[in-house]
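Step one of this worksheet: look at the structure below.
The values are calculated or read from the model by the stated rules, or taken from the named source; none is laboratory data. Because the structure is predicted, anything quoted here is derived from the model rather than measured. Because the Cβ atoms are built from the backbone with ideal geometry, glycine has one as well, and the counts that use them run over all protein chains shown. Remember, those area values only see protein heavy atoms, side chains included, never the ligands or the DNA or RNA. Shrake-Rupley method; radii C 1.70, N 1.55, O 1.52, S 1.80 Å.
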Amino acid sequence: MKIGIAQINTRVGDLAYNKQKIIDVIQRIGKEVSLIIFPEMTTLGYPPNDLLDNETQLRQQKEMIYEIRDIVRSTSKDLKVVLGCVDYNDAEKMPSGYMKKHNAAAVIGQDIQMYHKQLLPNYDVFFENRYFEAGKGPLVFTAGGQKVGVTICEDIWDDLYETKPAQQYANKDLDLLINLSASPFAQGKQQKRLGLLKKHARNLQVPVVYVNQVGAQDELVFDGASMVVDKECNLNYLAKSFEEEVAIVDLEAETYDKSWYVHFEHQEKYGSLLEAMKLGLRDYLAKTWIKELVIGVSGGIDSALSLYVMSQVLEPDHIHAIYMPTKHNSDLSFQLSQQLADNLGIQLQIGPIDELVQGFSSFSREHLHKEPQGIAYENAQARIRGLILMNIANDVGGLVINNSNKTELDLGYGTLYGDLIGGLWLIGDLNKKEVYAMAKYINGKSHKEVIPQGIITRKASAELQDGQVDPFDYESVSEAVEEMGFGATPEAVSSKYPISLEDAQKYQRMIKRNEFKKKQTPPIIKLKERSIGIGRLMPIVQG
């Protein structure tokens, strides 16, 4: 049997756009295959979150499914299309008061059958129990003369669940198991997915087809990498990562390709992280119709990495890189900023802010009867820079990119309404050690010094006072601080990393004390299983 894999990039809430994408795929390959499989919730886009409470839109989505059924009927009487959607019963209510809904797969042929997702993830970035009722059992349909079982995303991630949706097909004389997915990218996750598919292929002795969404939505990046595993657990098809792909796969053909396994065994950590950041930025801009980016450049490693990612997504004349020195900034900072901009073909705009800082100090002395000193003086510089960047963004209709990394945010080493401003955060899920490693990876991959070596080797500094350097050894503390941000104890990290228990306890206090800053930062592109973004629900006030 030949099947179609429709790894497409949808837009949340844009029914007309998504419908056209679906129809285009059906018209393109519908006459050549017996079955076309789309990702989870293709009709509405994933994750729609509280858009699911818009009952008018849900009814429009149901009408859309019937329109697609008419397209399928006119394409081939033998074609089946499996489409991720929302099914609902407007006569029944959930405890929330909204009508009962299911995360569903519509099996569309001459008629329509519905499968309801049984395992509803309610952890990290997933809140499906908030919106959906769990399904009650399996669904088997026939396509190309073969019996096909349906699962949706979490249904195959069943190790820690009592219900095992895939195993419900064990006595159904199944020929094929399919999984519609919207699985966000995280480093190392592709290998886990392959392991799951092999497990279910082995247990059921049937091929397993996994179709994943691609594209980005808010903080989440969906990496695609759809797969087909045969009943002998060979990987018979692997789609591109971070790109749309529509493919025809012949399940009877021997298409085993060793290069696919090489992809998993030698996948470059920083290469995949970089692609995820690029896709996250590209889709955020495309789906919000933003065409200009603004960034403050300092001669430091964080702004250098952010600017590089921006340069891979937008043309140079749409990037506004601003260097805003004071008397505390060294000549080296300017030279490195200029060299970086030249390497990337971006014009560096230079605007000294000493006069503005002095004006703030004069205002404070005259009207507040206080000379700004210490942190107040340093934060004033950061906030003046933030004001300038936001005004430039207003002027060009653009978006400010935040430059901070995960280590600095954990420790509170950033200024609210200053260097923590922005509309999107590219590197917020990378700790400082990883930021340096990413810069080295980019230079190595490019076979030239794209990010100046001086930026990589110089001591990190905000340069808010003469001779100031960051008070942390990032090589030692970055990973320890990241782990403590998600619950690791000072005792555990001090025994694992080269930091003292006293320092680990100090870092833990800093993490707790600065939790309020995390609640006021821009969306962070999620790159790891545990991120500072929407999946982290830590209280601001804690003991």
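Compute the distance from the alpha-carbon center of region 30-98 to that of region 180-237, in whole Å. Result: 22 Å between the Cα centres.
Assuming a ≥ b ≥ c are the square roots of the Cα gyration tensor eigenvalues, decide whether region 265-330 counts as rounded (a/c under 1.5), prolate (otherwise, with a/b larger than b/c) or oblate. It is oblate, given that a/c is not under 1.5 and a/b is not larger than b/c. Computing FRET efficiency as 1/(1 + (r/R0)^6) for Lys269 and Tyr66, where r is the C-beta to C-beta distance and R0 is 41 Å, gives about 0.35.
By a 1.4 Å probe calculation restricted to protein chains, Thr521 has an accessible surface near 30 Å², given to the nearest 10. In this structure, the pairs whose alpha-carbon distance is over 20 Å, taken from Lys278/Lys406; Lys80/Lys164; Lys432/Lys459; Lys459/Lys496; Lys287/Lys440, are Lys80/Lys164; Lys459/Lys496; Lys287/Lys440. Among beta bridges identified by DSSP and lying wholly in the chain, the antiparallel ones come to about 55 percent.
Secondary structure note: in region 118-225, about 45% of the DSSP beta bridges are antiparallel.
Ranking Val313, Val541, Val107 from most to least accessible surface, computed with a 1.4 Å probe over the protein chains only, gives Val541, Val313, Val107.
Karplus-derived 3J(HN,Hα) values for region 387-400, using 6.51 cos²θ - 1.76 cosθ + 1.60 with θ = phi - 60°, are 4, 5, 4, 5, 5, 5, 4, 4, 5, 9, x, x, 10, 7 Hz; glycine and proline are entered as x. Remark: for residue pairs Lys198/Lys512; Lys240/Lys448; Lys93/Lys189, the C-alpha separation exceeds 30 Å in Lys198/Lys512; Lys93/Lys189. Loop sites by DSSP among the GluC sites (Glu not before Pro) of the chain, restricted to those with at most 13 other Cβ atoms within 10 angstrom, leave 269-543 as the longest stretch without any of them. Average accessible surface for region 59-108: 44 Å² per residue, computed with a 1.4 Å probe over protein heavy atoms with every protein chain in place.
For region 162-312, the solvent-accessible area with a 1.4 angstrom probe is 37 square angstrom per residue.
Here the accessible area of the chain is 49 percent carbon and sulfur, with a 1.4 angstrom probe and all protein chains present.
Sequence-ordered 3J(HN,Hα) estimates for region 326-331 from the Karplus curve with 6.51, -1.76 and 1.60 and θ = phi - 60° stand at 10, 5, 8, 7, 7, 4 Hz, glycine and proline given as x. A full extension of the chain between Gln167 and Ile375 corresponds to an added length of 68.9 nm, given 0.36 nm per residue minus the alpha carbon distance.
What does the convex hull of the alpha-carbon atoms of region 136-284 project to on average, in nm²? Before the final figure, lay out each step's value.
Working: hull surface 37.8 nm².
With every direction weighted equally, the projected area is 9.4 nm².
Would you mind calculating the relative contact order of region 234-381 from Cα pairs under 8 angstrom and at least 6 residues apart, reporting the percent as a whole number?
16
Taking amide H positions as modeled 1.01 Å from N, with prolines and chain starts lacking one, the residues under 5 Å from Phe222 and 5 or more places away or on another chain are Phe185, Gly215, Ala216, Gln217. The alpha-carbon of Lys291 sits under 16 angstrom from the alpha-carbons of these aspartates and glutamates, leaving out residues fewer than 8 places away in its chain: Asp283, Glu315, Asp317, Asp395. Sequence-distant or interchain residues sharing an amide H contact under 5 Å with Tyr237, placed H: which? Distant-sequence amide H within range of Tyr237: Val228. Amide H contacts for Leu399 (H built 1.01 Å from N in the peptide plane; partners 5 or more residues away or on another chain; cut-off under 5 Å): Glu292, Leu293, Val294.
Given C-alpha coordinates of region 1-99, what is the ratio Rg to Rh with the Kirkwood estimate of Rh? The partial results should precede the final answer.
Details: Rg = 14.3 Å, Rh = 14.2 Å.
On the Cα set of region 1-99, Rg over Rh gives 1.01.
Applying Stokes-Einstein at 20 °C and 1.002 mPa s to the Kirkwood radius of region 18-174, computed over alpha-carbon pairs, gives a translational diffusion coefficient of 132 µm² s⁻¹.
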